[in-house]
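Colleague: Dumping the structure here so I can ask a few things about it.
The values are calculated or read from the model by the stated rules, or taken from the named source; none is laboratory data. Source: prediction; values computed, not measured. As a convention, Cβ positions derive from the backbone with ideal geometry for all residues, glycine included, and neighbour counts pool all protein chains shown. Accessible surface is based on the protein model in full, side chains and every heavy atom, while ligands, DNA and RNA are left aside. Shrake-Rupley method; radii C 1.70, N 1.55, O 1.52, S 1.80 Å.
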Amino acid sequence: MSSFSVQETFSAFIVLFAMIDVTGLTPIVMDLEKKTGRVNAGEAALVSLAMLLAFLLLGNLLLELFNVDIHSFAAAGAIVIFIMALEMILGVEIFHYNDGPKGSSTLVPVVFPLIAGAGTFTALLSLRAEYALVNIVLGLLLNILIVYIVLKHLHVLERILGEGGIYLLRKFFGIILLAIAVKLFTSNIAAIIQ
């Protein structure tokens, strides 16, 4: 649990990629740009990274404050991830994203809650129960790099993938996320019972 692993890094990357769902956010961010102005890709990536790293490193202290162990939080988090996966697969909207104040669309709602939201925070702590910290951080850094690239070249991505391609990616990663949620839930429930 304390050393670099390609498999763990890849798994952490996939979980976070599915939770952040930057390709699925593309239409939302494009709509925000039309309503509130250009989204600053660099600022969004850096602020998201800072928030997610802070929660990854300090989330356990927060849990201790409320007397909750990591396995219980991870099992609860797996349920949240499961619900979000169902949202992706079934096209049901559970979370509603409203526009932030005029001119602040980079921070609200792009950074929070779209990129660094409850689902991503939950995923980070759920992963922390299973994987080495170095692998989670590497998976997170790769995701933030992708977030930056996608936000920087949003219109190019839309032309390449088209609405159908973005829709297909969202469904595919929804199914992957569903399977990962089941695995996280069962492994953490087993740890709680023991």
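Colleague: Please list, in order along segment 69-83, the HN-Hα scalar couplings obtained from phi with the Karplus expression 6.51 cos²θ - 1.76 cosθ + 1.60 (θ = phi - 60°), rounded to whole Hz, x for Gly and Pro.
Modeller: 7, 4, 5, 5, 5, 5, 5, 5, x, 4, 5, 4, 4, 4, 5
Colleague: Measure off 7 Å from each Cα along the Cα-to-Cβ vector at Val68 and Ile175, then give the distance between these two points in nanometres to one decimal.
Modeller: The answer from the label model is 3.2 nm.
Colleague: Hey, another quick one. Can you give me the convex hull volume of the Cα atoms of the chain, divided per residue and expressed in Å³? Could the numbers behind the result be given before it?
Modeller: Details: hull volume 22.8 nm³, N = 194.
Convex hull volume per residue, Cα atoms: 117 Å³.
Colleague: With angles folded into 0 to 90 degrees, how steeply does helix 41-65 sit against the dominant principal axis of the chain? Use alpha carbons for both and round to 10.
Modeller: Once rounded, one gets 20 degrees.
Colleague: Okay, moving on. Report the relative contact order of the chain, percent, no decimals, based on alpha-carbon pairs under 8 angstrom and at least 6 residues apart.
Modeller: Worked out over the chain, it gives 45 percent.
Colleague: Also: Can you tell me the accessible area per residue over segment 12-72, all protein chains present, probe 1.4 angstrom, in square angstrom?
Modeller: On a per-residue basis, 46 Å².
Colleague: Using a 1.4 angstrom probe on heavy atoms only, work out the carbon and sulfur share of the accessible area of the chain in %.
Modeller: Working: 6870 of 9850 Å².
Using a 1.4 Å probe with all protein chains present, the chain comes out at 70 percent carbon and sulfur.
Colleague: Once the Cα atoms of helix 118-128 and of the chain are each reduced to a long axis, what angle between those two axes, in degrees from 0 to 90 to the nearest 10, is obtained?
Modeller: Helix 118-128 and the main axis of the chain meet at about 40 degrees.
Colleague: Loop by DSSP (not H, G, I, E, B), at most 14 other beta-carbon atoms within 10 Å: where is the longest site-free stretch of the chain for trypsin sites (Lys or Arg not before Pro)?
Modeller: 103-194
Colleague: Order of 59-68, 115-124 by packing, highest average Cβ count within 10 Å first?
Modeller: Top to bottom by mean Cβ count within 10 Å: 115-124, 59-68.
Colleague: Can you give me the angle between helix 6-20 and the longest principal axis of the chain, using Cα atoms only, in degrees from 0 to 90, rounded to the nearest 10?
Modeller: Around 50 degrees separate the two axes.
Colleague: Report the residues of segment 125-157 in range of a label on Phe10: point 7 Å along Cα→C-beta, backbone N strictly under 20 Å from it.
Modeller: Zone members listed by number: 127-128, 130-146.
Colleague: Moving on to the next point. Calculate the FRET efficiency for Ala190 and Ile160 from the Cβ-Cβ distance with a Förster distance of 45 Å, rounded to the nearest 0.05. Don't skip to the end; give the middle numbers.
Modeller: On the way: r = 43 Å, r/R0 = 0.94.
Working from the Cβ atoms, E equals 0.60.
Colleague: Testing the spin-label approximation: label points 7 Å from Cα along Cα→Cβ at Ser3 and Leu61. State their distance in nm.
Modeller: Rounded to a tenth, the inter-label distance reads 3.0 nm.
Colleague: If a paramagnetic tag sat 7 Å from the Cα of Ala76 along the Cα-Cβ line, which residues of segment 116-144 would have the backbone N under 16 Å from that point?
Modeller: Answer for segment 116-144: 118-129.
Colleague: Would you please state the base-10 log of I(q)/I(0) at q = 0.18, 0.27, 0.29, 0.31 1/Å for segment 49-94, with intensities from the Debye formula using one equal scatterer on every alpha carbon?
Modeller: Scattering profile of segment 49-94, log10 relative to I(0): -0.69, -0.91, -0.94, -0.98.
Colleague: Pick from Ile160, Ile79, Ile14 the residue whose mean-square fluctuation is largest in a GNM of the chain, springs joining Cα atoms under 10 Å.
Modeller: Among Ile160, Ile79, Ile14, the largest GNM mean-square fluctuation belongs to Ile160.
Colleague: So for segment 1-98, considering every pair of alpha-carbon atoms, how many percent are separated by more than 18 Å?
Modeller: Roughly 64 percent, once rounded to a whole number.
Colleague: Might you tell me the accessible area per residue for segment 97-194, computed with a 1.4 Å probe and given in Å²?
Modeller: It amounts to 50 Å² per residue over segment 97-194.
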